[in-house]
Amino acid sequence: MCGIVGVLGTHEVSPIILESLKRLEYRGYDSAGIATIEEGRLDRRRAVGKLVNLSDKLVHEPLAGKSGIGHTRWATHGGPSEANAHPHRSGGVAVVHNGIIENYAELRRELAARGQGFESDTDTETVAHLVQTQIAEGQSPEEAVRHTLERLEGAFALAFLFEGEQDLMIAARKGSPLAIGRGEGEMYVGSDAIALAPMTNRITYLEEGDCAVLTRTSMRIIDAEGRETRREERVIQIDSALADKAGHRHWMAKEIAEQPVVIADALAHYLGEEAASAGPLTDFDFTRFDRIVMVACGTAFYACLTAKYWFEQIARIPVEVDIASEFRYREPPIAPRTLAIFVSQSGETADTLAALRYCQGKAHILSVVNVPESSIARESDLALPIHAGIEIGVASTKAFTCQLSVLSILALKAAGDRGMQGADQLAVHHADLRRLPGLMAQALNAEEAIENIARQLSEARDILFLGRGAMYPLAMEGALKLKEISYIHAEGYASGELKHGPIALIDDKVPVIVMAPRDNLFDKSISNMQEVMARGGRVVLISDAQGTAADLDGVWQVITLPDVPQIFAPILYAVPAQLLAYHTAIAKGTDVDQPRNLAKSVTVE
Ligand code: F6R
């Protein structure tokens, strides 16, 4: 989950690396560091905490050099300290690493037995020592790196610099993504193409087991079998939206606000005129499948849980949903004629990727991703982009609603292919979907009311979210959003499940957010809400005008949303859930875009 960058440049690289690291800070922000080679000598600067601390340090202790590597860390082995910050070095070797070296303890013992001292608690430092030891024995940097790679177990993306070598960088990947960028007489390495966007759009993705030996003008790639190989160079279009927050205080606020636009964009790609004859789903046929398995993590998992209701109710196809970290080790039998769907914003989540690989050869693999160049997209039989644009806030918002939008289109396609809905019914659903961006814009108008409620929620220690039917996964998503950025304990429950235990938590200090559009389950949700209020619980009811106009004696607060067709309610109701979390976090004064202990891209298991 860390971010790594490398530059063999023609100008001073520290500022360039710092700028790239800024673009990777979403991957982790426990510490950061840069190493460069200046007149053949290796030097480095590291600082605990966010990148700004490293940037301050570089003002007082500048780091010269036209070759360099940089790192922004999400701590795995060893706490966030300067000693544990990357780049790690051993003699004349410096390395940055994203991933986990699983056999590091064994390697460390072996090195220690040979008298090697350690200055950090990290798994990465062992890699630097292994390479340095072999160089000391007379091997070239390339030989030393390749022999070291043979000894490493786990997942890694690595970039190395070597003292005395101004025009050499070696990079390698296994499990964690790595992109090589080519410039004019310059060469770059980055955890993703976004990091390299200010320098180049000519990107080569390394594949599993690849090792790249780079100079400013050449790139030699050696594959897992030790053969020299070529990888395709692509020209990547990077979203310019990365440039600024468009007047918003936080990325999360910007990303919540832009949902009407990005959803409209996603819908245009799937339901626009061209989509009928040449859209991403034109040749896809659901009659090939008898069942669906959906796998994801976190917010993407809740998108899958919501889609299960759609696939089962509208398309009458059974769906099993699992968390990727459980699925991958559960080794579930995969029946013939299974469609396996993997949902991931980043497309790099280690557990989701491993689950996908488990299904390869057993099921047809479809992914729903935000990053079309990601590992999950590239390893799928069909990758459906969600067109959310780059999402920078660590708490996922617009990616979630775009995932839901694409999954709802997929469910409707399944219903059509399987003969469960006729063309007329589908046309009505599609027309309803096209109205969704407008409804989302209206839902955003509730922001001021939500802000007032959130101020009061910020004083709570525990908050419950309740929902029924497809609003149940949204209740869990609302709770996740709230806890990850406000650090208030929150849980999402199916409304009908409350009396089987969680109702014991209710008293006048526990706010309960009830998500209940006026649908066929509304009366049941209201009965559950009454049970909460009878025990002193403070209820915030989120519903439509008809729902909030009902006889609601005792309800503490209401949030009124526009009417929405029942199927698409979870997409619309995501907006108040996100805004509640956002404004509660603001009221608490937490770091909304970079909440503690989290990272945007989870490339370790
Ligand atoms: C929560 C959040 C995470 C991610 C999860 C999966 O706001 O963002 O729960 O949804 O880490 O990430 P992706 O979608 O990149 O696979």
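The values are calculated or read from the model by the stated rules, or taken from the named source; none is laboratory data. Here the structure is a predicted model, which means the values were calculated and not measured. Note that we place each Cβ from the backbone using ideal geometry, even for glycine, and neighbour counts take in every protein chain shown.
A few remarks follow.
- Here MET440 qualifies as in contact with a helix residue (DSSP H, G or I) (Cβ under 7 Å, 6 or more places away or on another chain), away from the ligand (no atom under 16 Å from the Cβ), modelled with pLDDT of 95 or more and assigned to a helix (DSSP H, G or I).
- Residues of the range 345-369 satisfying the condition of being within 15 Å of the ligand (Cβ to nearest atom), small (Gly, Ala, Ser) and in contact with a Lys or Arg (Cβ under 9 Å, 6 or more places away or on another chain): SER346, GLY347, ALA354, ALA355
- Search result, residues across the range 376-405 that are within 11 Å of the ligand (Cβ to nearest atom) and under 26 Å from ALA157 (Cα atoms): ILE376, GLU391, GLY393, VAL394, ALA395, SER396, ALA399
- Test for PRO570: is it touching a helix residue (DSSP H, G or I) at 6+ places or on another chain (Cβ under 7 Å), closer than 29 Å to TYR309 by Cβ and surrounded by fewer than 18 Cβ atoms within 10 Å (Cβ to Cβ): no
- Taking (1) within 21 Å of TYR309 (Cβ to Cβ); (2) part of a loop (DSSP other than H, G, I, E, B); (3) not hydroxyl-bearing (Ser, Thr, Tyr) in turn, VAL394 satisfies each apart from (1).
- Residue count for the range 295-344, restricted to those that are in a strand (DSSP E or B) and either of a type outside the set (S, T, N, Q) or within 16 Å of the ligand (Cβ to nearest atom) (or both): 13
- Selection within the range 343-402 - among the aromatic types (Phe, Trp, Tyr) and over 21 Å from GLU258 (Cα atoms): TYR358
- Taking each residue of the range 473-496 that is free of Cβ contacts under 8 Å to residues at least 24 places away in the same chain and looking for partners that are away from the ligand (no atom under 11 Å from the Cβ) with beta-carbon atoms closer than 7 Å, six or more apart or interchain, yields ALA479/PHE465; ALA479/ALA490; ALA479/GLU491; ALA479/GLY492; LYS483/HIS489; LYS483/ALA490.
- Each residue in the range 345-379 was checked for being of a type in the set (Asp, Glu), surrounded by 22 or more Cβ atoms within 10 Å (Cβ to Cβ) and either assigned to a loop (DSSP other than H, G, I, E, B) or touching a strand residue (DSSP E or B) at 6+ places or on another chain (Cβ under 7 Å) (or both), and 1 of them qualify.
- Scanning the range 34-76 for residues that are within 27 Å of the chain's Cα centre (by Cα), modelled with pLDDT of 95 or more and basic (Lys, Arg) yields a single hit, ARG46.
- Residue tally, condition surrounded by fewer than 21 Cβ atoms within 10 Å (Cβ to Cβ), assigned to a strand (DSSP E or B) and within 15 Å of the ligand (Cβ to nearest atom), over the range 459-490: 0
- Every residue from the range 554-582 that is within 16 Å of the ligand (Cβ to nearest atom) and in contact with a Lys or Arg (Cβ under 7 Å, 6 or more places away or on another chain): ALA577, GLN578, ALA581
- In this structure, GLY247 does not qualify as free of Cβ contacts under 8 Å to residues at least 12 places away in the same chain, surrounded by 13 or more Cβ atoms within 10 Å (Cβ to Cβ) and either under 29 Å from ALA427 (Cβ atoms) or not acidic (Asp, Glu) (or both).
- When THR148 is tested against the conditions (1) at pLDDT below 95; (2) farther than 25 Å from ILE390 by Cβ; (3) among the polar types (S, T, N, Q), the lone failure is (1).
- Qualifying residue in the range 406-423 (condition: crowded, with 24+ Cβ neighbours inside 10 Å, within 23 Å of PRO318 (Cα to Cα) and within 16 Å of the ligand (Cβ to nearest atom)): yes
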